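For reference, the structure is listed below as structure tokens.
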Amino acid sequence: DTGVSQNPRHKITKRGQNVTFRCDPISEHNRLYWYRQTLGQGPEFLTYFQNEAQLEKSRLLSDRFSAERPKGSFSTLEIQRTEQGDSAMYLCASSLSDSWGDRETQYFGPGTRLLVL
Amino acid sequence: AQSVSQHNHHVILSEAASLELGCNYSYGGTVNLFWYVQYPGQHLQLLLKYFSGDPLVKGIKGFEAEFIKSKFSFNLRKPSVQWSDTAEYFCAVNRWSNTGKLIFGQGTTLQVKP
């Protein structure tokens, strides 16, 4: 299966610790998105990359959050000094965008469930 | 603020009943519309999508959705549900622009009783 993969699938950490999640998109997909989903809510956009360039960040993404996609392939999302409010499912999605960027379908990974104690 | 509303948060149906889940969005202009499904223990999967053309779109597993531009709606339907349709359903929208970010509704949990 060559779908989107995410690691780890679960992460339990103590408040104040740093955590890093990894996303491997579908091969050759040029766009990669991060979303956050809390219980009873739909996913909320955090940030996205086109190739290695980070093109948009949500206001939800505080300065404790940083994301990278260094070679335009996999991406990492780091949360520094975690807080209990960071507990959520972190979803990654990838897509193949045409030159217009207006017709694309995002495919989601299984997510990383973060629990901050 | 731009938003997507799913009116039914929790729906319980018996097998063979018909299903309609509402979705409304608040954007003006041209949009792309999606329904995703999340089965228990699984990740989000695409059910169907609308980009342009025929406003009635058909997806996997017998689902269909109708885009009504004048009502800013994209309701999901299935004539006869099965127990295996028990899942959470999310409507999502993005605007025609160079960013593909999706705005999701809060989801509808569908429980189908055998």
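The values are calculated or read from the model by the stated rules, or taken from the named source; none is laboratory data. Bear in mind that the values here come from a model prediction, so they are computed numbers and not experimental data. Cβ sites come from the backbone with ideal geometry, for glycine too, and all protein chains shown count toward neighbours. To get the accessible areas, we keep the full protein, side chains included, count just its heavy atoms, and leave off ligands, DNA and RNA. Shrake-Rupley method; radii C 1.70, N 1.55, O 1.52, S 1.80 Å.
For the protein assembly as shown, the number of Lys pairs with C-alpha atoms closer than 16 Å, counting only pairs eight or more positions apart or on separate chains, is 9.
Counts of other chain beta carbons within 10 angstrom of each beta carbon in peptide A:37-48 average 5. The residue list B:Val37, B:His9, B:Thr99 was ranked by how far each Cα lies along the charge dipole of the protein assembly as shown toward its positive end, using unit charges on Cβ atoms, and B:His9 comes out on top. Heavy-atom accessible area buried between chains B and A is around 1900 Å² (1.4 Å probe, both sides summed). Computed across chain B, the Kirkwood hydrodynamic radius from all distinct Cα-Cα pairs reaches 14.2 Å. Please work out the Cα center distance from segment B:74-94 to segment B:1-33, rounded to the nearest Å. Value for the Cα centre distance between the two parts: 9 Å.
For chain A, what class follows from the C-alpha gyration tensor (a ≥ b ≥ c being the square roots of its eigenvalues): rounded when a/c is under 1.5, otherwise prolate if a/b is larger than b/c, else oblate? Note, shape of chain A comes out prolate.
Highest average first, the peptides B:49-61, A:76-88 ordered by how many other beta carbon atoms sit within 10 Å of their residues are A:76-88, B:49-61. Normalising by residue count, segment A:1-58 has a Cα convex hull of 125 Å³ per residue.
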